[in-house]
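Asks: Below are the structure tokens for one structure; questions will follow.
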Protein chains: 2
Amino acid sequence: MSPSRPPIRPYVTEGVETVFDGKVFRVERVTRRSGSTGVARHYHRVACDDWVNVVPITREGRLLLVRQERHGVERATLEIPGGVVERGEDALAAAARELREETGSIARAMEPLGWVHPNPATHGNRCHAFVARDVDRVEEPRGDGDEELEVVEVALVEVPDLVRRGELTHALALAALFLAGIPAFVRGSIG
Amino acid sequence: MSPSRPPIRPYVTEGVETVFDGKVFRVERVTRRSGSTGVARHYHRVACDDWVNVVPITREGRLLLVRQERHGVERATLEIPGGVVERGEDALAAAARELREETGSIARAMEPLGWVHPNPATHGNRCHAFVARDVDRVEEPRGDGDEELEVVEVALVEVPDLVRRGELTHALALAALFLAGIPAFVRGSIG
């Protein structure tokens, strides 16, 4: 890597205040001072717990997806199973729980794919990704009581078409597929 | 695709109220009634403008990245150039503007890679992705006045290592690389 300038000097956080408190997330107003300019500014950000996402691969090598209503975009979207890591729960346990709740499935093995920042500009949390191998559907999905879920099974080779047709649009799901090495090849490879 | 159950019946939105209004985003409290159960509930979501992300490839086939302080995670993170689509601006123009502001570069051609939902559960907006080809650095990055930026040039084959080492963590950047067909191969391919 070839940086073009000296590294950015660290910021110092001088205060954090909660300015909105909802059930799923809070909004914080953080005061941070630049180490380079000495200027302090306020920034708003969303505070919430960590999330998990699961790439579930069946014994036949197919991918399990979940369709559910999403109130941000006001329609049902196709995603991979995932959700919030509950307090006192580790990410792996949350992944197995969400896989079972949302698809009615259990996996022979769960392997970590790493984690991503959903949006480092506005969110401090992480989204942990796992691949679930040799997944078996053992029951109907039940969700968490407020979710109506539809499980959709696709071949891995269908993923590029789902992305191209705008059926698979969730950035965190796409990031997990990226980490799992499943190619999009929507417009061919670059480079 | 093989759905396991009948499709989810649509929800109806019965009201939207702004409960927090910041400079970069608002929080809305939306009331939505399930078409299946008839039950109405309140949901909080983040309302903001669309975003753009750019995958800039130099004439030498290298990838331009940007390091900047991010107040969600309270540190400087490595990302691809991107930002907010301004009112009255189209996504392509915003992508070219952000590329120039954040890397001091112009591209011979910009091609759309599609768009993603940053988080359909909590955000209604889209993040549009473009690949910028034959990028030339013509000036120092200037940001938008409040940004301290460092431009970092890497070979495409370095991307998997940057991801594996946790240096490239922004889900929206990874989703754009996925759409561009740049492989992660962090843990090998699945399937």
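Asks: Output wanted: per-residue J couplings in Hz (rounded whole) for the range A:43-55, from phi through Karplus 6.51 cos²θ - 1.76 cosθ + 1.60, θ = phi - 60°, x for Gly and Pro.
Replies: With the stated coefficients, the range A:43-55 comes to 9, 9, 8, 9, 10, 8, 6, 5, 10, 10, 9, 10, 9 Hz.
Asks: Quote the FRET efficiency, to the nearest 0.05, computed for A:Asp21 versus A:Asp134 with a Förster distance R0 of 35 Å and r equal to the Cβ-Cβ distance.
Replies: The calculated FRET efficiency here is 0.25.
Asks: Okay, next question. Mind jotting down the three principal axis lengths of chain A based on Cα atoms? Whole angstrom, largest first.
Replies: The principal-axis extents, from largest down, are 58, 45, 32 Å.
Asks: Using a 1.4 Å probe on the protein heavy atoms, what percent of the accessible area of the range B:56-168 belongs to carbon and sulfur?
Replies: Within the range B:56-168, the accessible surface is 46 percent carbon and sulfur.
Asks: Could you give the dipole magnitude of chain A about its Cα centre, charging the beta-carbon of Lys and Arg +1 and that of Asp and Glu -1, in debye to the nearest 20?
Replies: Charge dipole of chain A: 1240 debye, to the nearest 20.
Asks: Taking each residue in A:108-119, count the Cβ atoms of any other chain within 10 Å of its Cβ, then average. What number comes out?
Replies: Taking all residues of A:108-119 together, the mean is 5.
Asks: Compute the helix-to-body angle for B:91-103: its Cα long axis versus the longest principal axis of chain B, expressed 0 to 90° and rounded to tens.
Replies: With rounding to tens, the tilt is 40 degrees.
Asks: Among the DSSP beta bridges whose two residues both lie in the protein assembly as shown, what percent are antiparallel, rounded to the nearest 5?
Replies: Here the antiparallel bridges make up roughly 80 percent for the protein assembly as shown.
Asks: Assuming R0 = 22 Å, can you tell me the calculated FRET efficiency for the pair B:Asp49 and B:Arg142, based on Cβ-Cβ distance, to the nearest 0.05?
Replies: 0.55
Asks: Please compute the average number of Cβ atoms from other chains found within 10 Å of each residue's Cβ in peptide A:72-80.
Replies: 6
Asks: Which listed residue (B:Leu149, B:Asn53, B:Val135) has the Cα farthest towards the positive end of the charge dipole for the range B:15-162, taking +1 on Lys and Arg C-beta and -1 on Asp and Glu C-beta about the Cα centre?
Replies: Going by the charge dipole, the pick is B:Asn53.
Asks: Give me the summed buried accessible area for the A-B pair, 1.4 Å probe, to the nearest 100 Å².
Replies: Interface between A and B: roughly 7900 Å².
Asks: Next question, about the same structure. If you count, for every residue in A:163-170, the Cβ atoms of partner chains within 10 Å of its Cβ, what is the mean?
Replies: That works out to 4 on average.
Asks: Run the helix sum for chain B: -39,500 (n - 2.57) per DSSP H stretch of 4+ residues, divided by residue count, reported at 222 nm to the nearest 500 deg cm²/dmol.
Replies: Result for chain B: -4000 deg cm²/dmol, rounded to the nearest 500.
Asks: How high is the relative contact order of chain B, in percent, counting Cα pairs under 8 Å that sit 6 or more residues apart?
Replies: Relative contact order, chain B: 20 percent.
Asks: Could you tell me how many cubic angstrom of Cα convex hull volume the range B:59-168 has per residue?
Replies: 127 Å³
Asks: Using the crude model of +1 on Lys and Arg Cβ and -1 on Asp and Glu Cβ, and no other charge, please compute the dipole size for the range B:123-177 relative to its Cα centre, in debye to 20.
Replies: Charge dipole, the range B:123-177, about its Cα centre: 460 debye, nearest 20.
Asks: Here is a further query. If you count only protein heavy atoms with a 1.4 Å probe, what accessible area per residue comes out for the range B:1-152, rounded to a whole Å²?
Replies: 44 Å²
Asks: Please compute the Cα-Cα pair-distance distribution of the range B:148-187 with 10 Å bins starting at 0, giving whole percents from short to long.
Replies: Going from the shortest bin to the longest, the percentages are 27, 61, 11, 0.
Asks: Related question: Enter the per residue convex hull volume of the protein assembly as shown, computed from alpha-carbon coordinates, in Å³ rounded to the nearest integer.
Replies: 133 Å³
The values are calculated or read from the model by the stated rules, or taken from the named source; none is laboratory data. None of these values were measured; they are calculated from a predicted model. Neighbour counts run over all protein chains shown; Cβ positions are idealised from the backbone, glycine included. SASA here: full protein model, heavy atoms, side chains in, ligands and nucleic acids out. Shrake-Rupley method; radii C 1.70, N 1.55, O 1.52, S 1.80 Å.
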